[in-house]
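A short reminder: the numbers here are calculations on the coordinates, not readings from a lab. Fair warning: this is a prediction, and the values are worked out from it, not measured in the lab. Heads up, the Cβs are rebuilt from the backbone with ideal geometry, glycines too, and the neighbour counts pull from every protein chain shown.
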There are 2 protein chains.
Amino acid sequence: MSAVTSTRIVLASRPHGEPSEDNFRTETVELPDLADGQVLLRTVYLSLDPYMRNRMNAGESYADPVEVGDVMVGGTVSQVVDSRAPGLPAGTYVLGYTGWQSHAVADGTAVRVLDPDRAPLATALGVLGMPGFTAYAGLLKIGQPKAGETVVVAAASGPVGSAVGQIAKIHGARAVGIAGGPDKCAYVRDQLGFDAAIDHRAPDFADRLKAAVPDGIDVYFENVGGPVTAAVLPLLNLHARIPVCGMVSQYNVASDPEGPDRLPGFMSLVLVKSLTVRGFIQSEFVREVYGDFERDASQWLAEGRLKHREDVVDGLENAPSAFFGMLHGKNFGKLVVRVGSEQD
Amino acid sequence: MSAVTSTRIVLASRPHGEPSEDNFRTETVELPDLADGQVLLRTVYLSLDPYMRNRMNAGESYADPVEVGDVMVGGTVSQVVDSRAPGLPAGTYVLGYTGWQSHAVADGTAVRVLDPDRAPLATALGVLGMPGFTAYAGLLKIGQPKAGETVVVAAASGPVGSAVGQIAKIHGARAVGIAGGPDKCAYVRDQLGFDAAIDHRAPDFADRLKAAVPDGIDVYFENVGGPVTAAVLPLLNLHARIPVCGMVSQYNVASDPEGPDRLPGFMSLVLVKSLTVRGFIQSEFVREVYGDFERDASQWLAEGRLKHREDVVDGLENAPSAFFGMLHGKNFGKLVVRVGSEQD
């Protein structure tokens, strides 16, 4: 077999604040021959997720940054093109983490076989994948909603927020979603079955949120930060829990914004309300509850209790602009890039 | 028996910012006759604690505020003067919560018998009482230090901080204390056995703290806030835990200080470091671990592994000034007011 090339998008430079096309560069490279145990993969879907913005920065985080010159990271659904790995014949669909590129060589042990008849392939990157698990683990292990409690989540039409609210409902809690614009709010309320959906663009957003939580907020699943968080804080109940899985409004902020300084007041709130604030990354819960998640999420999906929506962008070359848009809430549903067709 | 009077200090008005003598008023009232099941108490020691500053404010907290005109609350060691309660004959010493007054009528069920031969009476308000339990529960249930980890606590010569560090040491962790001035630092290091003690008044405080925690900070027991917290934050390790039991530097702050606004950066830190920040009041852990605390603390005290120090002020009339001083770290050890002599 002659050498295979991969078209890939690498980090060209680190953004200072808002990222732009200049921070990316497209390259075409020849892939090495397969070693024993390896597979050649053709990317079908690339997942775009807010955490990727953090990986573009240098410095400490829960995960290593992408180095300048390296392929941008990301979860992928791929098809095996050539194989020297047992149990992974050509044609097999797999979940991997091969990033923003058209083809890749991977160890067979680093991918996971997907059954395209069990669920649509792209769900492995969304409701049945990392975002769904983030919602499941963060809500149930940290948020621990009880029946009758109120759970609030932003980006409620997105893959994490939509699962948070629906899983909260399944556990008997009240779910209030925050989303941008009337279409997303209607979807969150009417399609996903949240008890209420509030448009954060409304001028009286804080008042609307307050009216939507007459018994206060017991769990605030934090994935955006910014003005949404500011509106939530005064509504938190005693012993409220705040799982923090993302701060998408802050990822492009290069330095502390102007004052007043709300940190002392926040810490006092943590004290007087006996709050629990807990940052997390889903991987820390994999060993403990991934099995439970797979069982529950598959069942809820099959029963129609866990709905999902994909926002599919065609072509790897459109990944950067789709990514920038996502950081400003322009996607509607789980954002994936169709890098190649499902059938080869 | 003729009517007994009580001299008491009531909340005269709510402070805006720093409290002053004007916020208190001394009254003398006649106490009612004892009903069945009640005891007449003569206060021996009154505990002064930072949480009392919060109770002077209106508004929501973990506990109801003291109403204007009501006696200031506080833990007390008292002696029974007259009794209509079984098992509480005159002469018995009890732990109660009768507040800033010389005498009180209390239900026998609301007090707890103390054995003056078992431990000095004032320890029931300190190392063997609420402050000791705050340290024990917050450190072990929330902080959960592992052997070899680093625990940092401020107000380290005070009743909570001193117990936090010593209990951390008993559990095999490294203890670094922060205190104000060379005398307190020497006590924390040489008498209490902390691994290091840092003077927060030193101009290079943040650098000294950094040098004292070469492996970073795994548990920061938060009881002060302000510049100490600011110096701690950059040193926190992945998965660090922050039990928040007090914010004494903030209790007199009436509004958000000038910017920049550090809250977004703090929430981002919570995320990227997977931090746990948990406000608490000791009472929520009483059912679960008070028995363990009593057993452990008594044993450690008897073995000399849990040292303590009282700062005794004479006379109820000096309670307000002692209280103001405590809010600025002027006490050295557990602050108690000797309201009456131990022997009547």
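Numbers for the structure displayed
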| quantity | calculated |
| --- | --- |
| Order by protection proxy (mean Cβ within 10 Å, highest first), peptides B:134-141, B:213-220 | B:134-141, B:213-220 |
| Residue-averaged beta-carbon neighbours from other chains (10 angstrom radius) around B:292-304 | 0 |
| Choice from A:M267, A:M72, A:M247 with maximal GNM fluctuation in chain A (Cα, 10 Å cutoff) | A:M267 |
| Shielding by partners, peptide B:275-288 (average Cβ within 10 angstrom, other chains) | 4 |
| Inter-copy label distances at B:G17 (7 Å, Cα→Cβ; nm, one decimal) | 3.6 |
| Averaged over A:122-130, number of beta-carbon atoms from partner chains that fall within 10 Å | 0 |
| Innermost chain A residue relative to the axis carrying A onto B, by Cβ distance in angstrom | A:G259, 1 |
| Structure-based [θ]222 nm, chain A - -39500 (n - 2.57) summed over DSSP H runs of at least 4, per residue, nearest 500 | -6500 deg cm²/dmol |
| Links that overshoot a 21 Å alpha carbon limit, given the list B:K184/B:K330; B:K307/B:K334; B:K141/B:K184; A:K141/B:K141; B:K141/B:K210; A:K307/A:K334 | B:K141/B:K184; B:K141/B:K210 |
| Neighbourhood charge, 14 Å Cβ-Cβ cut-off, centred on B:D183 and excluding it, Lys, Arg +1 and Asp, Glu -1 | +2 |
| Considering only segment B:65-184, percent of DSSP beta bridges that pair antiparallel, nearest 5 | 65 percent |
| Within chain B, percent of DSSP bridges classed antiparallel, to nearest 5 | 55 percent |
| Cβ-derived FRET efficiency at R0 51 Å, B:A186 paired with A:Y290, nearest 0.05 | 0.50 |
| Gyration tensor (alpha-carbon) shape descriptor, segment A:217-280, a/c threshold 1.5 | oblate |
| Residues B:I242, A:I9, A:I178 arranged by fewest to most Cβ contacts within 10 Å | A:I9, B:I242, A:I178 |
| C-alpha center-to-center spacing [segment A:236-293, segment A:184-215] in angstrom | 21 Å |
| Selected from B:Q166, B:Q299, B:Q282 as most flexible by GNM, with chain B as the system and alpha-carbon contacts under 10 Å | B:Q299 |
| Mean shadow area of segment B:103-222 over all directions, Cα convex hull, nm² | 9.4 nm² |
| Position A:P214, label points 7 Å along Cα→Cβ, spacing to each other copy in nm (shortest first, one decimal) | 6.1 |
| For A:A147, label point 7 Å along C-beta direction: distances to other copies, nm | 4.4 |
| Cα-based shape type of segment B:122-181, given that a ≥ b ≥ c are square roots of the gyration tensor eigenvalues and the cut on a/c is 1.5 | oblate |
| Estimated D of segment B:200-252 in µm² per second, where Rh is the Kirkwood radius over Cα pairs and Stokes-Einstein applies at 10 °C, 1.306 mPa s | 137 µm²/s |
| Net length gained if the chain between A:L31 and A:S298 were fully extended (0.36 nm per residue, minus Cα distance) | 92.5 nm |
| Fluctuation leader among A:S78, A:S283, A:S157 - chain A, Gaussian network, Cα springs under 10 angstrom | A:S283 |
| Estimated inter-spin distance, A:V113 and A:A3, nm [label 7 Å along Cα→Cβ] | 3.3 nm |
| Cα gyration tensor of chain B - equivalent ellipsoid semi-axes, whole Å, descending | 36, 23, 17 |
| B:D22-A:D22 pseudo-label distance in nm [points 7 Å out on the Cα-to-Cβ vector] | 5.8 nm |
| Segment B:187-317: C-alpha gyration tensor shape, a/c 1.5 cut-off, then a/b vs b/c | rounded |
| Chain B: angle of helix B:263-272 to the longest principal axis, Cα-based, in degrees nearest 10 | 70 degrees |
